[in-house]
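Just below is one structure, and these are the notes that go with it.
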């Protein structure tokens, strides 16, 4: 823990800059780390505490920013959880592929948080601590949404982490998902679209209109292939192969196509969101070079499919 609070005044040259950028610059933090300080209520401007919603606030010259004591980046560590369940799918020199359950976060966002996949892994592989970005994301190669299940990749060595991260950036990793979408999706297809974060907490993204794509701040191009596997009248089981990686990309794209995921409380209408206890998205396969892992449908996903396959009884009109 940094033993003393910090304080700075906004200079004339810095006038008009966002609060999160100023915090990152003065405190040697990333923007996400600066936003975490705001979320903890550790930042005040001219004596008034600022929350996460103030991250984009523009400050004028002379404004005084005070920051309460905080743990410096790199000194924050996820807590090993020896009793947490963990299912290993595959492993090799420097890497581990685990089966992430729906409802379990990949890593904690605060040092005291428990219940993450990373916490379970650190209890079994303490050598992962410090690999990759920082202590709260040690060894994390990529992420899945909290309610998405399936194959999740970690690195136990820095060189392997760098190699795998570069493979994701270069779109060399083959990723296969299974999703249940609403409506009858009849044909295979590919969509290349621009996405942008529309809201941070809770997170939500949107597909950009064509005329927005060149000027939207923070826009990312995504490429997603799909093919239908099975039809259930009001829903379709699809195989999805994203070439890219971006927050909620599969969920947002299918909602844009008019086929939101069953159970998705963020992108689907209420009746579709209520049709499953969570969004039905499962990371079933991941492959790159010697890395290969597969995850079977989890119990809740398989159970929904089994119920959907049972034909509804025909009423006797006699």
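The values are calculated or read from the model by the stated rules, or taken from the named source; none is laboratory data. Because the structure is a prediction, the values reported are computed rather than measured. A quick note on method: Cβ atoms are made from the backbone with ideal geometry, for glycine too, and the neighbour counts reach across all protein chains shown.
Yes/no per residue for (1) in contact (Cβ under 8 Å) with a residue 60 or more places away in the chain; (2) closer than 25 Å to residue 141 by Cα; (3) in a helix (DSSP H, G or I):
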{"site": "238", "(1), (2), (3)": "yes, no, no"}
{"site": "258", "(1), (2), (3)": "yes, no, no"}
{"site": "265", "(1), (2), (3)": "no, no, no"}
{"site": "268", "(1), (2), (3)": "yes, no, no"}
{"site": "277", "(1), (2), (3)": "no, no, no"}
{"site": "282", "(1), (2), (3)": "yes, yes, no"}
{"site": "297", "(1), (2), (3)": "yes, yes, no"}
{"site": "300", "(1), (2), (3)": "yes, no, yes"}
{"site": "307", "(1), (2), (3)": "no, no, yes"}
Let me spell it out: the conditions are (1) surrounded by fewer than 22 Cβ atoms within 10 Å (Cβ to Cβ); (2) touching a helix residue (DSSP H, G or I) at 6+ places or on another chain (Cβ under 9 Å); (3) at pLDDT 95 or above, and residue 228 meets all of them except one. Which number is the exception? (2)
Look at residue 165 and say whether it is free of Cβ contacts under 8 Å to residues at least 60 places away in the same chain, assigned to a strand (DSSP E or B), out of contact with any helix residue (DSSP H, G or I) (no Cβ under 9 Å at 6 or more places or on another chain) and at negative phi. no
Any chance segment 103-125 includes a residue that's in contact with a helix residue (DSSP H, G or I) (Cβ under 8 Å, 6 or more places away or on another chain) and in a strand (DSSP E or B)? no
Taking segment 239-262 and keeping only residues that are surrounded by fewer than 20 Cβ atoms within 10 Å (Cβ to Cβ) and on the phi > 0 side of the Ramachandran plot, one is left with 258
Looking at this structure, is residue 99 crowded, with 17+ Cβ neighbours inside 10 Å, part of a loop (DSSP other than H, G, I, E, B) and in contact with a strand residue (DSSP E or B) (Cβ under 8 Å, 6 or more places away or on another chain)? no
Which members of segment 58-96 meet the condition of being in contact with a helix residue (DSSP H, G or I) (Cβ under 9 Å, 6 or more places away or on another chain), closer than 30 Å to residue 43 by Cα and not in a loop (DSSP other than H, G, I, E, B)? 58, 65, 67
For segment 263-270, does any single residue satisfy the condition of being assigned by TED's automatic domain parsing to the domain that holds residue 207, surrounded by fewer than 19 Cβ atoms within 10 Å (Cβ to Cβ) and either under 15 Å from residue 147 (Cα atoms) or in contact with a helix residue (DSSP H, G or I) (Cβ under 8 Å, 6 or more places away or on another chain) (or both)? yes
Given (1) crowded, with 17+ Cβ neighbours inside 10 Å; (2) modelled with pLDDT under 90; (3) part of a loop (DSSP other than H, G, I, E, B), identify the lone condition not met by residue 35. (3)
Only one of 151, 222 is in contact with a strand residue (DSSP E or B) (Cβ under 6 Å, 6 or more places away or on another chain) and either farther than 20 Å from residue 90 by Cα or in a loop (DSSP other than H, G, I, E, B) (or both). Can you tell me which? 222
